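To start, the structure itself, in structure tokens.
The values are calculated or read from the model by the stated rules, or taken from the named source; none is laboratory data. Quantities reported herein were computed from a predicted structural model and do not represent experimental measurements. As a convention, Cβ positions derive from the backbone with ideal geometry for all residues, glycine included, and neighbour counts pool all protein chains shown.
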């Protein structure tokens, strides 16, 4: 079974500053990794995904993430955040043999003007 | 990308009544759909896997008689919360994967249904 840990439940950051949201996972098999964003009272939007290949993945809205197999991590980064990035961010994992997606507890990103 | 819709987007009901939530894949066929619930300020918890033409697979701790799932076609799954009580109030989200080759293993999520039981 897979599990996902997001060490930071809340991350406050000033506008235009860089941010990193941490994600670690555990799995006994190969996985796919995802980052989703959820704005208040809305569904989920995919930011980016890692399936295979290059470990640096670029997504929408200027976000990127790096897959590190040895550290079982998939941290999300953005070099300069905007007020509009304030939202809940979920890291998720799916093993390559079935469709189940397991979510981490989420990180609440608050961008301070 | 592929689109998943949910209906209704929000519902308020009296305790003891049953509520049906629909999840539709609008432009692709989904042999498998998933139902999640999300409490305020918490993550999504997988409730069950809905399989077209067969019984749903429930996660441990989820009451199958309480949360009835029917996957009647390749584009429609329904979740019925039977005899709803205030503790069932939550945000329910469905998802589906487009296996036609264009989905790229991405799960597409519906916009969610907020259920409030009075």
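Here are a few things to note about the model shown:
- Check on residue B:57, over 30 Å from residue A:6 (Cβ atoms) and touching a strand residue (DSSP E or B) at 6+ places or on another chain (Cβ under 8 Å): no
- Residues that are buried (at least 16 other Cβ atoms within 10 Å of the Cβ), more than 10 Å from chain B (Cβ to nearest Cβ) and in a loop (DSSP other than H, G, I, E, B) within the range A:42-67 comprise A:59, A:63, listed in sequence order.
- Residues that are more than 10 Å from chain A (Cβ to nearest Cβ) and surrounded by fewer than 16 Cβ atoms within 10 Å (Cβ to Cβ) were ranked within the range B:31-50; the one that is nearest to residue A:39 (Cα to Cα) is B:40.
- Every condition in (1) surrounded by fewer than 18 Cβ atoms within 10 Å (Cβ to Cβ); (2) in a strand (DSSP E or B); (3) modelled with pLDDT under 90 holds for residue B:100 except the one numbered (2).
- Scanning the range B:65-88 for residues that are more than 24 Å from residue B:39 (Cβ to Cβ) and part of a loop (DSSP other than H, G, I, E, B) yields B:74, B:75.
- Residue check for residue A:33: within 14 Å of chain B (Cβ to nearest Cβ), free of Cβ contacts under 8 Å to residues at least 40 places away in the same chain and touching a strand residue (DSSP E or B) at 6+ places or on another chain (Cβ under 7 Å): no
- Qualifying residue in the range B:68-91 (condition: surrounded by 13 or more Cβ atoms within 10 Å (Cβ to Cβ) and within 16 Å of residue A:43 (Cα to Cα)): yes
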